[in-house]
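**Q** Structure incoming, see below.
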Amino acid sequence: MRPVEIVEVGARDGLQNEPELVPTHTKIALINRAIGAGIRRLETASFVNPHRVPQMADAEAVMAGLPETKDVIYIGLVLNERGAERALATKVHQLGAVAVASDTFAMRNQGQTCEDSVRIAKAIVSKAKAKGRSAQVTISAAFGCPFEGEVDPARVVTMAKALAEAAPCEIALADTIGVAVPSQVTALVQAVRTVTGDIPLRAHFHNTRNTGLANAWAAYEAGIATLDSSFGGLGGCPFAPKATGNIPTEDLVYLLSRSGVTTGLDLDQLIETGVWLTDMMGRALPAMVSRAGNFPPPLSLTA
Ligand code: ZN
């Protein structure tokens, strides 16, 4: 079986919708725990307008508190050139730009039209490269828009083709609001791949309608080698009403490892972090494996 790389997005996508400000040291602890469990690429912060997303206002402080490392890639999410400049002034290794597949969502999320978002994402990729860093682009709302409904797959393909011209290190398809189903994932991955050449694809799912893990498996079977997830299934989007958490890292790794797909992650440590995060957030989180436990259980529990 082909291995899968998991990109942990809990410290950014997971936390950005939390109404209570999470202390900087807790974010840093979450990132360090992720690295301890084997995560080698993760979203650490988002360099967006702090008035619009107050939870991410401490992006620079989070970055300053992280260990210097060559084995782990820190991703900073940026929506415009100003954000890119902020991120590039920190130890972020990779910029994550966002192009949005619907005009209404693009306007609400980042004050851009769909077309602007593609142009700006390309400029962000060039800016990162000029500074010796890498950059990838996520096509957000690729499977549906909270305001406009269905998104034409042809539009996503056109966007992917335009983005590929800037040669980002990766292009991601994101089901930002959790509406996709597996057949749609298979079809869109296949269609997008015809225009992206050898640029690797990544997939990003939310579990709003409980199809997230099924979609992740469909993406894997369609040839995707990198999946996003967040500890505990934390997450949401401040600009997408009713969108809920990312697919949970613990649940995804359980699914993959029991299916013989390696991720390089230690599930017991992931579960421990899921339990720790539940304590930190002070409420039950959507992930199920951290509640039910690993299987088979340790021998001492089976007697
Ligand atoms: Zn997301």
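The values are calculated or read from the model by the stated rules, or taken from the named source; none is laboratory data. Note that the structure is a prediction, hence the values are computed from the model and not measured. Methodologically, a virtual Cβ is constructed for each residue, glycine included, from the backbone with ideal geometry; neighbour enumeration extends over all protein chains shown. To get the accessible areas, we keep the full protein, side chains included, count just its heavy atoms, and leave off ligands, DNA and RNA. Shrake-Rupley method; radii C 1.70, N 1.55, O 1.52, S 1.80 Å.
**Q** Out of A87, A61, A97, A123, which single residue is touching a helix residue (DSSP H, G or I) at 6+ places or on another chain (Cβ under 7 Å), of a type in the set (G, A, S) and either crowded, with 24+ Cβ neighbours inside 10 Å or in a loop (DSSP other than H, G, I, E, B) (or both)?
**A** Only one candidate qualifies: A97.
**Q** Could you list, in sequence order, the residues of segment 169-205 that are open to solvent by 10 Å² or more (accessible area, probe 1.4 Å) and at positive phi?
**A** Listed by number, the list holds a single entry, G197.
**Q** Just one of the numbered conditions (1) in a helix (DSSP H, G or I); (2) touching a residue at least 60 places away in the same chain (Cβ under 8 Å) is not true of E115; which one?
**A** So E115 meets the others, but not (2).
**Q** Can you work out which of the residues in segment 206-253 that are assigned to a helix (DSSP H, G or I) and in contact (Cβ under 8 Å) with a residue 60 or more places away in the chain is surrounded by the fewest Cβ atoms within 10 Å (Cβ to Cβ)? Outline the logic, then answer.
**A** Start the filter on segment 206-253 by keeping residues that are assigned to a helix (DSSP H, G or I), which leaves 212-221, 231-233, 249-253.
Of the ones still in play, those that are also in contact (Cβ under 8 Å) with a residue 60 or more places away in the chain are 220, 231-232, 249, 252-253.
Numbers: Y220: 23, F231: 31, G232: 30, T249: 36, L252: 29, V253: 27.
Only one residue tops the list, namely Y220.
**Q** G132 passes all but one of (1) assigned to a loop (DSSP other than H, G, I, E, B); (2) under 23 Å from F239 (Cβ atoms); (3) open to solvent by 50 Å² or more (accessible area, probe 1.4 Å); which number fails?
**A** If we test G132 against (1) assigned to a loop (DSSP other than H, G, I, E, B); (2) under 23 Å from F239 (Cβ atoms); (3) open to solvent by 50 Å² or more (accessible area, probe 1.4 Å), just (2) comes out false.
**Q** While we're on this one: How many of the residues making up segment 1-21 are in a loop (DSSP other than H, G, I, E, B), more than 13 Å from the ligand (Cβ to nearest atom) and crowded, with 17+ Cβ neighbours inside 10 Å?
**A** Residues meeting the conditions: 1.
**Q** Another question about this same structure. Suppose we filter T138, T113 for residues that are in contact with a strand residue (DSSP E or B) (Cβ under 8 Å, 6 or more places away or on another chain), open to solvent by 10 Å² or more (accessible area, probe 1.4 Å) and of a type in the set (S, T, Y); which single one remains?
**A** Answer to the selection: T138.
**Q** Mind listing whichever residues of segment 175-199 are within 15 Å of the chain's Cα centre (by Cα) and either touching a residue at least 60 places away in the same chain (Cβ under 8 Å) or in a loop (DSSP other than H, G, I, E, B) (or both)? Outline the logic, then answer.
**A** Quick first cut of segment 175-199, residues within 15 Å of the chain's Cα centre (by Cα) only: 175-178.
Answer for segment 175-199, where residues must be within 15 Å of the chain's Cα centre (by Cα) and either touching a residue at least 60 places away in the same chain (Cβ under 8 Å) or in a loop (DSSP other than H, G, I, E, B) (or both): T176, I177, G178.
**Q** Please state which one of L77, L66, L30 is in a strand (DSSP E or B) and open to solvent by less than 40 Å² (accessible area, probe 1.4 Å).
**A** One residue alone meets the criteria, L77.
**Q** Have a look at T244, T226, T211, T262 and point out the one that is within 13 Å of the ligand (Cβ to nearest atom) and out of contact with any Leu (no Cβ under 6 Å at 6 or more places or on another chain).
**A** Every option except T244 fails the conditions.
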